[in-house]
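The values are calculated or read from the model by the stated rules, or taken from the named source; none is laboratory data. Computed from a prediction, not measured in an experiment: that's the story for all the values here. Heads up, the Cβs are rebuilt from the backbone with ideal geometry, glycines too, and the neighbour counts pull from every protein chain shown.
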Amino acid sequence: MTNQTSRRQLLKASGAAIVGGVGLAATSGTASARYVGQPIYTTENTWVRTGPGTENGVRATADKYTGGRIVDGPVDEDGFRWWRCQMNGDGDNGRVAGWIPNRNFDPADITYPSLGYISSDYYDDRGGRYHSAVDIANDYGTPVKAALNGTAYRAYEEGGCGNYVYIDHEDGYRTLYCHLQGFSVSHGEYVEQNQQVGTMGSSGHSSGPHVHFEVNRNGSEVYVSGTAGEEVHSESGVAKNYADL
Ligand SMILES: [Zn+2]
């Protein structure tokens with residue numbers, strides 16, 4: 001556990017630099033710009049309302065750092081700018097769509113690669129080591145999509161990742177998608193964010209269909225936000241919450 005603690009502190013200390021580098025091309029200079037289709041995450045506990053405006057009912061509460069995606073808006077009402085967002089669910093409540101105010105969320109850079117629930121989160125104890133990724137579980141064949149634009153490669157690792165795709169991005173970032181059933185890209189193909197790169201499977205060292213989603217930078221693991229039991233949907237934003245670890 002000592003090692004885990006030191007890694008947490010290391011990540012926390014370097015968090016700002018890590019966050020700043022992901023997806024620079026997509027967000028540079030436009031941090032406040034919002035648009036339909038954008039991946040986002042909440043920056044505080046947020047009421048998801050049935051309509052734009054405080055007179056509308058609360059459909060659900062999206063906890064701080066819940067990922068989502070803008071699907072409609074904006075509407076200016078009651079002094080706020082509102083956007084309709086599809087938000088990830090927790091273990092008790094599935095995905096929910098509703099209206100949240102502009103000030104309660106930020107744009108995300110990377111997106112979750114699949115629809116499913118998080119079966120193992122980052123720092124999950126693996127017998128003296130920790131899980132440096134999030135696992136998203138669903139049925140065989142569920143689409144697995146690129147978390148960010150980049151160049152995709154197909155690979156195989158016996159007894160480990162099995163069939164997997166890795167995508168090289170700007171600034172030394174690499175995302176990995178392990179235990180695939182099949183590939184949807186050719187080796188060296190350039191892919192856009194949200195483009196399907198494979199299908200969920202259980203190849204390699206795996207006890208059931210899921211995608212092991214890992215982010216590296218220059219060969220070192222990068223924290224990926226998400227809580228075990230959380231229901232995530234592909235194309236929803238991954239929170240940039242390194243600083244609060
Ligand atoms: Zn895993």
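What number of residues in the range 129-145 are more than 15 Å from the chain's Cα centre (by Cα) and within 16 Å of the ligand (Cβ to nearest atom)?
Here is the first cut: in the range 129-145, the residues more than 15 Å from the chain's Cα centre (by Cα) are 129-131, 138-142.
Okay, now just the ones that are also within 16 Å of the ligand (Cβ to nearest atom), so 129-131, 138, 142.
Within the range 129-145, residues that are more than 15 Å from the chain's Cα centre (by Cα) and within 16 Å of the ligand (Cβ to nearest atom) number 5.
Would you please name the residue that is nearest to the chain's Cα centre (by Cα), looking only at residues in the range 146-172 that are in a strand (DSSP E or B) and buried (at least 23 other Cβ atoms within 10 Å of the Cβ)?
Looking only at the range 146-172, we keep the residues that are in a strand (DSSP E or B), and these are 150-157, 162-168.
With the extra rule that they be buried (at least 23 other Cβ atoms within 10 Å of the Cβ), the set shrinks to 152, 164-165, 167.
On the way: A152: 18, Y164: 18, V165: 16, I167: 15 Å.
This residue is I167.
Among the candidates T175, T199, which residue alone is surrounded by 16 or more Cβ atoms within 10 Å (Cβ to Cβ), in a strand (DSSP E or B) and away from the ligand (no atom under 14 Å from the Cβ)?
Result: T199 is the single residue among T175, T199 that is surrounded by 16 or more Cβ atoms within 10 Å (Cβ to Cβ), in a strand (DSSP E or B) and away from the ligand (no atom under 14 Å from the Cβ).
Residue-by-condition table, conditions (1) on the phi > 0 side of the Ramachandran plot; (2) of a type outside the set (S, T, Y); (3) not assigned by TED's automatic domain parsing to the domain that holds G67:
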position: T142; (1), (2), (3): no, no, yes
position: K145; (1), (2), (3): no, yes, yes
position: E157; (1), (2), (3): no, yes, yes
position: Y177; (1), (2), (3): no, no, yes
position: G182; (1), (2), (3): no, yes, yes
position: G188; (1), (2), (3): yes, yes, yes
position: N194; (1), (2), (3): yes, yes, yes
position: N216; (1), (2), (3): no, yes, yes
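T227 versus (1) within 16 Å of the ligand (Cβ to nearest atom); (2) modelled with pLDDT under 95; (3) closer than 12 Å to P113 by Cβ: which is the lone unmet condition?
(3)
If you scan the range 111-126, which residues turn out to be within 11 Å of the chain's Cα centre (by Cα) and part of a loop (DSSP other than H, G, I, E, B)?
Taking the range 111-126 and keeping what is within 11 Å of the chain's Cα centre (by Cα), we get 111-115, 118.
Once the filter is applied, which keeps residues that are within 11 Å of the chain's Cα centre (by Cα) and part of a loop (DSSP other than H, G, I, E, B), the range 111-126 yields Y112, P113, S114, L115.
Yes/no per residue for (1) loosely packed, with under 12 Cβ neighbours inside 10 Å; (2) in contact with a strand residue (DSSP E or B) (Cβ under 7 Å, 6 or more places away or on another chain); (3) modelled with pLDDT of 95 or more:
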{"position": "R8", "(1), (2), (3)": "no, no, no"}
{"position": "A13", "(1), (2), (3)": "yes, no, no"}
{"position": "L24", "(1), (2), (3)": "no, no, no"}
{"position": "S32", "(1), (2), (3)": "yes, no, no"}
{"position": "G37", "(1), (2), (3)": "yes, yes, yes"}
{"position": "T42", "(1), (2), (3)": "no, yes, yes"}
{"position": "N45", "(1), (2), (3)": "no, yes, yes"}
{"position": "N56", "(1), (2), (3)": "no, yes, yes"}
